[in-house]
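Before any comments, here is the structure.
The values are calculated or read from the model by the stated rules, or taken from the named source; none is laboratory data. Computed from a predicted structure; not experimentally measured. Here the Cβ positions follow ideal geometry from the backbone for every residue, glycine too, while neighbour counts run over all protein chains shown. The area values use the complete protein model at the heavy-atom level, side chains included, leaving out ligands, DNA and RNA. Shrake-Rupley method; radii C 1.70, N 1.55, O 1.52, S 1.80 Å.
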Amino acid sequence: MITLYSYPELFGVADNNGYGLKVFAFMRIAGIPFHHEQVFDASGAPRGQLPYIVDEGQTIGDSEAIIAHLIYKYRLTIDRGLSTQDRDHNLLLIRMLDDLYWVMSYSRWKDERYFLPFRDAFMAQHPRVDAAGLDKAREYNAQRYHYQGIGRYAPDQAYARGVADLRVLADLIPENGYVHGARPTSIDAGIYGFVANIHFFPIETPLKAFVTAHPNLVRHCETIHAAVSR
């Protein structure tokens, strides 16, 4: 059986990182049996990044590489009906979600207003993690944000970027159904991975406020959440 390695759950979400949750949701939607191993330490992962899978002795990292591998190897039909234009559209959304990731992460680790409730909630659900460990992770993330660039933004400027990304999703996601019609495709799993990590977290960031104010985003997120959490 395939094993998915990703970060731990939080607030009822199977992975508190958007990339791992994207793969988790994709595999559930596509009907692929797998064992989910939740880990704190990414040092043994390809390039030191989660998620990754081990499939018949083959290790694959990077969420998009994992999805591409699974579609090809298991001849999945989840995206078969998509046109070339649909696939190009998906790639643009995937790159935009990469941008949203940094703002969402910034809200948890960089912004003092939201870090403390995030830290306390994480320790409450995962007692093996202590404040010193999370403070160390915060210092590490601060370096990442600085070199990526988002760490040099004032909070209102950082959140403006994330809200702009969410506004695109709010404009594209229909009131009913999914991005490309009545059935979910891989891009719906990707969107869920990030929006769920905003919507289900009881931390009132500007990102959460925007999602809450858009019923189509909430409906899309909760529909997929119910399907993949069974």
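Values computed for the structure shown
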read-out	value
Candidate set from segment 7-53 (those that are touching a strand residue (DSSP E or B) at 6+ places or on another chain (Cβ under 9 Å) and of a type in the set (Lys, Arg)); member that is modelled with the highest pLDDT	Arg28
When residues of segment 190-230 are limited to those that are open to solvent by less than 10 Å² (accessible area, probe 1.4 Å) and in contact with a Gly (Cβ under 7 Å, 6 or more places away or on another chain), the one farthest from Leu169 (Cα to Cα)	Asn197
Enumeration of residues in segment 30-54 that are surrounded by fewer than 18 Cβ atoms within 10 Å (Cβ to Cβ) and assigned to a helix (DSSP H, G or I)	Pro46, Arg47, Gly48
Output for segment 122-166, where each listed residue is outside any helix (DSSP H, G or I), among the aliphatic types (A, V, I, L, M) and more than 24 Å from Met96 (Cβ to Cβ)	Val129
Hey, Arg119 open to solvent by less than 80 Å² (accessible area, probe 1.4 Å), in a helix (DSSP H, G or I) and not hydrophobic (A, V, I, L, M, F, W, C) or not	yes
Single residue of segment 55-88 satisfying the filter (among the hydrophobic types (A, V, I, L, M, F, W, C) and in contact (Cβ under 8 Å) with a residue 40 or more places away in the chain) that is most open to solvent (accessible area, probe 1.4 Å)	Ile71
In segment 1-29, residue least open to solvent (accessible area, probe 1.4 Å) [restricted to those that are among the small types (Gly, Ala, Ser) and under 14 Å from Arg230 (Cβ atoms)]	Ala25
Given (1) surrounded by fewer than 17 Cβ atoms within 10 Å (Cβ to Cβ); (2) without any contact (Cβ under 8 Å) to a residue 60 or more places away in the chain; (3) within 21 Å of the chain's Cα centre (by Cα); (4) within 17 Å of Pro8 (Cβ to Cβ), index of the condition Ser105 fails	(1)
Scope segment 105-114; condition more than 13 Å from Tyr153 (Cα to Cα) and either outside any helix (DSSP H, G or I) or touching a helix residue (DSSP H, G or I) at 6+ places or on another chain (Cβ under 6 Å) (or both); matching residues	Arg108, Trp109, Tyr114
Qualifying residue in segment 182-203 (condition: over 21 Å from Asn17 (Cβ atoms), at pLDDT 95 or above and under 17 Å from the mean Cα position of the chain (by Cα))	yes
Some residue of segment 153-171 being touching a His at 6+ places or on another chain (Cβ under 7 Å) and open to solvent by less than 40 Å² (accessible area, probe 1.4 Å)	yes
Hits in segment 55-99 - residues which are outside any loop (DSSP other than H, G, I, E, B) and among the hydroxyl-bearing types (Ser, Thr, Tyr)	Thr59, Ser63, Tyr72, Thr84
Options Ala170, Ala131, Ala160, Ala164; residue that is more than 19 Å from Ile198 (Cβ to Cβ) and either at pLDDT below 95 or not basic (Lys, Arg) (or both)	Ala131
